[in-house]
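What follows draws every value from the coordinates through simple rules; no lab data is involved. Here the structure is a predicted model, which is why all the values come from computation and not from measurement. Cβ sites come from the backbone with ideal geometry, for glycine too, and all protein chains shown count toward neighbours.
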Amino acid sequence: MISALSKIQNKPHLSKLFLSIFYAVGIAGLIFFPEKILPFSFMILLMNFVFILLFETNLDSNKTKYFLFVIAASFAIEMIGVGTGKIFGSYYYGKSLGFSLKNVPLIIGINWLVLVLGIISILSNFKITNNIAFSACGGIFMVALDGLMERVAPALDYWNFFGETAPLKNYIAWFIVSFFFFYLFRAMQLKSENKISSFIYTIQFVFFVIVNIIFWNKTI
């Protein structure tokens, strides 16, 4: 098993090709038979997480604690947000993201972690020494992707805001929460050593750009 894992880690290009094909099939599915593919949306997000773990070469105790904290904290924040409407606005989740606990899909905390790690990997290519600047840049990346998702989330049955569109405080909250996660990563002096996490963020970004173009002013 260790040998098989090593082979996978040494061939990130094959994994990127697989993910590209998978997302392309997902887009085609949304065009031709959305009602059949949408219920499996959570599986795609879970697959992203599996690939992240496969390519995390140095998952020590501190990084494991960070992973678990981001998953738990983001899920707790989402539960408070859904329950009170005071963090992101008044919204509710649909059925496309799978099983829920307290009206929040279980995959949500995992997806927060996947996005955070992807952005960290991208930003690690730049020499940003200041932790606040690094975290602010990370927050901007998160809000940029959220902006794309918000436009099509109702049509994909991901989530809906009772006011029809996401309020300003939704984006402010996304920035603040993610800023904290990025800052904590730097404060703990952790290192980004994942060969595929940045690609997963990028392919999700491209996916939602395409979905926005295809379904602009349309309902799936």
Proxy reagent accessibility, fewest Cβ within 10 Å first, across LEU38, LEU115, LEU68: LEU68, LEU38, LEU115
Among the listed pairs LYS63/LYS195; LYS16/LYS63; LYS16/LYS191, those beyond 19 Å (Cα-Cα): LYS16/LYS63; LYS16/LYS191
Distance (nanometres) between label positions extended 7 Å along Cα→Cβ at LEU59 and MET47: 1.9
For the range 1-109, the fraction of alpha-carbon pairs in successive 5 Å shells from zero, as %: 2, 10, 15, 16, 16, 17, 13, 7, 2, 1
The chain: translational diffusion in µm²/s, Stokes-Einstein, Kirkwood Rh over Cα pairs, 4 °C, 1.567 mPa s: 72
Pair ILE128, LYS191: separation of 7 Å Cα→Cβ label points (nm): 2.0
Shape of the range 166-220, Cα gyration tensor, a/c cut at 1.5: oblate
Extension gain from ARG151 to LEU168, taking 0.36 nm per residue of separation minus the Cα-Cα distance: 4.8 nm
Helix-only CD estimate at 222 nm, as mean residue ellipticity for the chain, using -39500 (n - 2.57) per DSSP H run (n ≥ 4): -22500 deg cm²/dmol
Under 23 Å from the Cα of LYS95 - lysines, other chains or at least 8 residues apart: LYS36, LYS86, LYS218
Chain lengthening between ILE80 and PHE40 when straightened (0.36 nm per residue, less Cα-Cα): 11.8 nm
